Amino acid sequence: MKAMLLRVGIDKGTDGALAPIFSNGSFEYIPLSEKNSKTIEKRTFETTLGNNGIPFSKYLPDKIKKRKLHFDPEFDTYTYGDQTSKRNYLLKLEKTDYLVFYVGLTPFENSDYEEALYIIGYFEVEEVIDFSKLNPNEQIQSIKLYKNNSHIKSEGFEKLVIVKGYDKTSKLLDKAVLLSKRKLNKIGRNYHAVSPEMEDLLGISGSIQRSIPPRFVTANNFENLKNLLNIE
């Protein structure tokens with residue numbers, strides 16, 4: 001068994017903002033904005049309420065509040081999809097592996113937490129669907145099954161890979177788990193790297209600022225990850 005760690009959610013590179021983390025360690029999972037103009041998605045940062053009943057736009061710059069959402073992963077039916085180079089990594093996942101998601105979070109108002117990367121949820125993998133291997137009838141059935149996924153709401157499925165998580169053993173966490181620590185590169189710029197504590201615990205290291213390449217947790221470190229996230 002193995003786990004793949006993947007960065008998701010709104011970030012400064014795409015939308016100029018991060019989601020909030022609050023003083024009790026809870027957070028809002030806020031997705032990226034949707035870049036595909038042909039999506040049938042209707043939700044925006046302004047019209048979508050978070051866990052506290054407050055619109056996402058409350059935590060974000062006004063200039064992006066009307067953007068539509070790319071809710072991927074989604075934690076209603078537990079799907080995550082990609083048709084870029086990440087698809088090749090998703091295809092390495094097998095049934096009962098874990099897909100673990102982390103995001104950039106920034107302190108909101110009086111939060112005691114630092115701006116950093118945090119684990120916010122996971123899927124236990126039930127199935128990995130490669131649309132390029134499906135015949136037309138199978139594609140139609142998969143579109144119906146995974147209609148909540150943002151990629152299904154947009155056009156083009158030729159290279160799409162969707163990971164479906166088990167409903168009962170996939171979860172969006174109540175409290176974020178700190179994953180990174182700021183470091184300086186050779187020219188003095190800050191970047192997010194795996195914290196020393198997580199290096200020891202998970203057996204991964206280096207910059208995790210970007211999604212590619214994702215990090216894999218294997219062998220004895222996999223049990224450490226399960227304990228960290230209270231996975232039974």
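Miscellaneous remarks
- Selection from the range 116-137 of residues that are open to solvent by 80 Å² or more (accessible area, probe 1.4 Å) and in a helix (DSSP H, G or I): K133, P136, N137
- Of the strands (runs of 3 or more DSSP E) contained entirely in the range 151-204, those carrying at least 2 residues that are within 17 Å of G121 (Cα to Cα) and either modelled with pLDDT under 95 or open to solvent by 50 Å² or more (accessible area, probe 1.4 Å) (or both) fall at 171-178.
- Residue in the range 103-115 that is more than 20 Å from the chain's Cα centre (by Cα), open to solvent by less than 30 Å² (accessible area, probe 1.4 Å), at pLDDT below 95 and more than 25 Å from E232 (Cα to Cα) present: yes
- Set F75, F22: member being open to solvent by 20 Å² or more (accessible area, probe 1.4 Å) and either without any contact (Cβ under 8 Å) to a residue 40 or more places away in the chain or within 22 Å of P214 (Cβ to Cβ) (or both): F75
- Set side by side, the residues K159, K171 differ, and just one is out of contact with any helix residue (DSSP H, G or I) (no Cβ under 7 Å at 6 or more places or on another chain) and in contact (Cβ under 8 Å) with a residue 60 or more places away in the chain, which is K171.
- Candidate set: the range 74-102, residues that are over 11 Å from I162 (Cα atoms) and hydroxyl-bearing (S, T, Y); chosen: the one nearest to the chain's Cα centre (by Cα): Y102
- Number of residues in the range 13-33 that are touching a Ser or Thr at 6+ places or on another chain (Cβ under 9 Å) and of a type in the set (D, E, K, R): the value is 1.
- Residues (open to solvent by 70 Å² or more (accessible area, probe 1.4 Å) and touching a strand residue (DSSP E or B) at 6+ places or on another chain (Cβ under 7 Å)) located in the range 52-72: K66, R67, K68
- Check on Y89, touching a residue at least 12 places away in the same chain (Cβ under 8 Å), open to solvent by 30 Å² or more (accessible area, probe 1.4 Å) and not in a loop (DSSP other than H, G, I, E, B): yes
The values are calculated or read from the model by the stated rules, or taken from the named source; none is laboratory data. Remember, predicted model here, so these are calculated numbers, not experimental data. Quick reminder, even Gly has a Cβ in these numbers, built from the backbone with ideal geometry, and neighbours come from all protein chains shown. Side chains included, ligands, DNA and RNA excluded: accessible areas come from the protein's heavy atoms. Shrake-Rupley method; radii C 1.70, N 1.55, O 1.52, S 1.80 Å.
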